[in-house]
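Please read the structure below before turning to the comments.
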Amino acid sequence: MNLQTQRMLGQQGTAEFNGLHVDALQIGQINEMRQGPEIRRKNNCIVNTGGKLTREEVERRRKEHRAKFEVAEDVWTSIVLPRPDNPLVLLDRKREEMKCLAKELDDVVARIAAIEQTESLDQVTGTKRPHE
């Protein structure tokens with residue numbers, strides 16, 4: 001989750017966003033456009049090249065981000081996240097899907113083997129048949 005958040009924000013440090021309700025993609029677009037000799041990137045994320053941020057600096061940035069980027073409470077409280085399926089049910093579905101795919105693969109392998117066998121017999125007998 002942390003790596004995905006970093007990618008969305010476009011920066012490695014996330015402490016300055018703790019406790020805020022922001023549109024991470026909007027911040028990511030802004031960070032994507034930031035250029036300059038002082039901007040260093042690692043895996044397309046801005047990384048801190050200076051020392052560790054002080055608590056005061058983190059808090060100052062958090063206040064700044066709250067003023068600039070925080071989403072209105074009525075917006076973020078109205079967001080309804082879908083409930084994930086029961087993991088055991090999902091696992092059973094995936095196992096069933098895997099069985100079907102394995103059967104399909106076995107069928108394809110058998111058809112290829114039959115074609116190869118027919119071609120081998122045709123070479124021995126000198127018979128030519130059109131391919132299916």
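The values are calculated or read from the model by the stated rules, or taken from the named source; none is laboratory data. Just so you know, these numbers come straight off a predicted model, no measurement behind them. Here the Cβ is made from the backbone with ideal geometry for all residues, glycine too, and neighbour counts use every protein chain on show. What goes into the accessible areas is simple: the full protein's heavy atoms, side chains included, and nothing from ligands, DNA or RNA. Shrake-Rupley method; radii C 1.70, N 1.55, O 1.52, S 1.80 Å.
Worth pointing out:
- GLU16, GLU97, ranked by accessible area, largest first (probe 1.4 Å): GLU97, GLU16
- Candidate values [x] 9, 22, 17, 13, 12, 11, 10, 5, 1; [y] 10, 37, 36, 13, 3, 0; [z] 11, 35, 33, 20, 1, label of the one derived for P(r) over Cα pairs in 10 Å bins from 0, in percent: [x]
- Build a GNM of the chain with springs between Cα atoms under 10 Å apart, and of VAL109, VAL75, VAL47 the one that fluctuates most is VAL109.
- Sequence-distant contacts, meaning Cα pairs under 8 Å at least 6 residues apart, place the relative contact order of the chain at 22 percent.
- Crossing angle, helix 55-69 versus the chain [Cα axis fit, 0-90 degrees, rounded to tens]: 70 degrees
- Under 22 Å from the Cα of LYS52 - lysines, other chains or at least 8 residues apart: LYS42, LYS63
- Estimated FRET transfer efficiency when R0 is 35 angstrom, pair MET98-LEU3 (beta carbons, to 0.05): 0.80
- Eligible aspartates and glutamates near LYS94 by straight Cα distance, threshold 16 Å, same-chain separation 8 or greater: ASP85, GLU104
- Packing, taken as the mean count of other beta carbons within 10 Å per residue, orders the peptides 38-45, 17-24 from highest to lowest as 17-24, 38-45.
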